[in-house]
Amino acid sequence: MTARPSVVLFDVNETLSDLSPLRDRFAQAGAPPHLAGTWFASVLRDGFALAAAGASRPFAEVAEGVARTVLAEAGVADLDAGVEQVMAGLQELDVHPDVPAGVRALRAAGLRLASLTNGSVATSRALFARAGVDADVEQVLSVEDAGLWKPARRAYDHAVAACGVPAAEVLLVAVHPWDVDGASRAGLQTAWLDRSGTPYPGHLRPPDRTARDLVALAAALAREGSGSGA
């Protein structure tokens, strides 16, 4: 049985934020809505490639560059306006419906909360403020201060140091199996949020915990805290 953590460390993009409205942004730019998923996956791909090479660029810079490429390939005539549509939408996202209640339940269970994003601190703070949970997240962290994107170990080490506890006391929560795998290799506990009911890939390290959403995860951790088991 994995010991109960003292700190819950959230991934932000897609784990807390709902990216589905970006489909409308791509449509407004004159591109097929499904390209929103292609764009986000390609942003991660390029960020990971930079990290593998020992380099890093800000999320917004990578996101804008990839948006220009994806929209151009889709035949969008006014690329500047299209990129502006996408980037503006990125700054206006809301959290998934389960997030506010899940955050409150985690705090009520006596857990410290922090976040670690491949994006910016400012974007995370604005997201939390719109959701009304900004006061609940004590550490809002970005890989920009670590020098490499997740899943590079340096990113997780940065978060662990900021939280001031051993890595084994930090629970990384993400919807991305690659993030779960990276955090596990860095010595953190892990929890996978499986909102869509998809299989977890067998070639990556498995999560220590799996939950359908943040509310369910909070309930499981609260039971662990009461000694009744997960």
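If you go through region 134-149 one residue at a time, how many are crowded, with 20+ Cβ neighbours inside 10 Å and in a loop (DSSP other than H, G, I, E, B)?
Adding up the residues that qualify gives 4.
Evaluate the following for R107: is it more than 15 Å from the chain's Cα centre (by Cα) and either closer than 30 Å to L221 by Cβ or modelled with pLDDT under 95 (or both)? Full working, then the answer.
Values: more than 15 Å from the chain's Cα centre (by Cα): yes; either closer than 30 Å to L221 by Cβ or modelled with pLDDT under 95 (or both): yes.
It is true that R107 is more than 15 Å from the chain's Cα centre (by Cα) and either closer than 30 Å to L221 by Cβ or modelled with pLDDT under 95 (or both).
Among the candidates G110, G82, which residue alone is in the same structural domain as Q28 (by TED's automatic domain parsing) and either of a type in the set (S, T, N, Q) or in contact with a Gly (Cβ under 7 Å, 6 or more places away or on another chain) (or both)?
G82
Yes/no per residue for (1) under 22 Å from E64 (Cβ atoms); (2) out of contact with any helix residue (DSSP H, G or I) (no Cβ under 9 Å at 6 or more places or on another chain); (3) part of a strand (DSSP E or B):
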site: S115; (1), (2), (3): no, no, yes
site: A129; (1), (2), (3): no, yes, no
site: P151; (1), (2), (3): no, no, no
site: R154; (1), (2), (3): no, no, no
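Pick out the one residue from D145, D46 that is outside the structural domain of A183 (by TED's automatic domain parsing) and either closer than 19 Å to A191 by Cα or of a type in the set (D, E) (or both).
One residue alone meets the criteria, D46.
In region 1-45, what count of residues is obtained for those that are within 24 Å of T69 (Cα to Cα), among the hydroxyl-bearing types (S, T, Y) and in a loop (DSSP other than H, G, I, E, B)?
Residues flagged as within 24 Å of T69 (Cα to Cα), among the hydroxyl-bearing types (S, T, Y) and in a loop (DSSP other than H, G, I, E, B) within region 1-45 amount to 1.
Which residue pairs have Cβ atoms under 7 Å apart, sit 6 or more places apart or on different chains, and have a first residue in region 206-223 that is touching a residue at least 60 places away in the same chain (Cβ under 8 Å) and a second that is of a type in the set (D, E)?
Taking only residues 6 or more apart or on different chains, the pairs are D213/D98; L214/D98; V215/D98.
Scan L22, L44, L50, L16 and give me the residue that is touching a strand residue (DSSP E or B) at 6+ places or on another chain (Cβ under 7 Å), under 29 Å from L171 (Cβ atoms) and aliphatic (A, V, I, L, M).
The conditions single out L16.
Inside region 166-201, can you point out the residues that are under 20 Å from A3 (Cβ atoms) and assigned to a strand (DSSP E or B)?
V170, L171, L172, V173, A174, Q189, T190, A191, W192
So, E169, is that one surrounded by 15 or more Cβ atoms within 10 Å (Cβ to Cβ) and not assigned by TED's automatic domain parsing to the domain that holds A186 or not?
no
Residues that are touching a residue at least 12 places away in the same chain (Cβ under 8 Å), surrounded by 14 or more Cβ atoms within 10 Å (Cβ to Cβ), of a type in the set (D, E, K, R) and assigned to a helix (DSSP H, G or I): does region 47-65 have at least one?
The answer is yes, given that some residue of region 47-65 is touching a residue at least 12 places away in the same chain (Cβ under 8 Å), surrounded by 14 or more Cβ atoms within 10 Å (Cβ to Cβ), of a type in the set (D, E, K, R) and assigned to a helix (DSSP H, G or I).
Just give me the residues in region 201-214 being over 21 Å from L116 (Cβ atoms) and either under 17 Å from the mean Cα position of the chain (by Cα) or surrounded by 13 or more Cβ atoms within 10 Å (Cβ to Cβ) (or both), in sequence order.
Once the filter is applied, which keeps residues that are over 21 Å from L116 (Cβ atoms) and either under 17 Å from the mean Cα position of the chain (by Cα) or surrounded by 13 or more Cβ atoms within 10 Å (Cβ to Cβ) (or both), region 201-214 yields only R212.
With the requirement that a residue be closer than 19 Å to A88 by Cβ and polar (S, T, N, Q), what does region 1-37 give you?
Scanning region 1-37 gives N13, S17, S20, Q28.
Name the single residue that is nearest to T117 (Cα to Cα) among those in region 170-200 being under 16 Å from the mean Cα position of the chain (by Cα) and among the aromatic types (F, W, Y).
Ranking the qualifying residues of region 170-200, first place goes to W178.
Scan region 129-138 and give yes if some residue there is at pLDDT 95 or above, under 23 Å from S184 (Cα atoms), assigned by TED's automatic domain parsing to the domain that holds S184 and under 18 Å from the mean Cα position of the chain (by Cα), otherwise no.
The initial filter retains those residues of region 129-138 that are at pLDDT 95 or above, namely 129-138.
Adding the requirement that they be under 23 Å from S184 (Cα atoms) leaves 137-138.
Within this subset, residues satisfying the condition of being assigned by TED's automatic domain parsing to the domain that holds S184 are 137-138.
Those still in the list that are under 18 Å from the mean Cα position of the chain (by Cα) too: 137-138.
Yes: one or more hits.
The values are calculated or read from the model by the stated rules, or taken from the named source; none is laboratory data. Since this is a predicted model, take the numbers as computed values, not measurements. Neighbour counts are summed over all protein chains in view; Cβ atoms, including those assigned to glycine, are modelled from backbone coordinates with ideal geometry.
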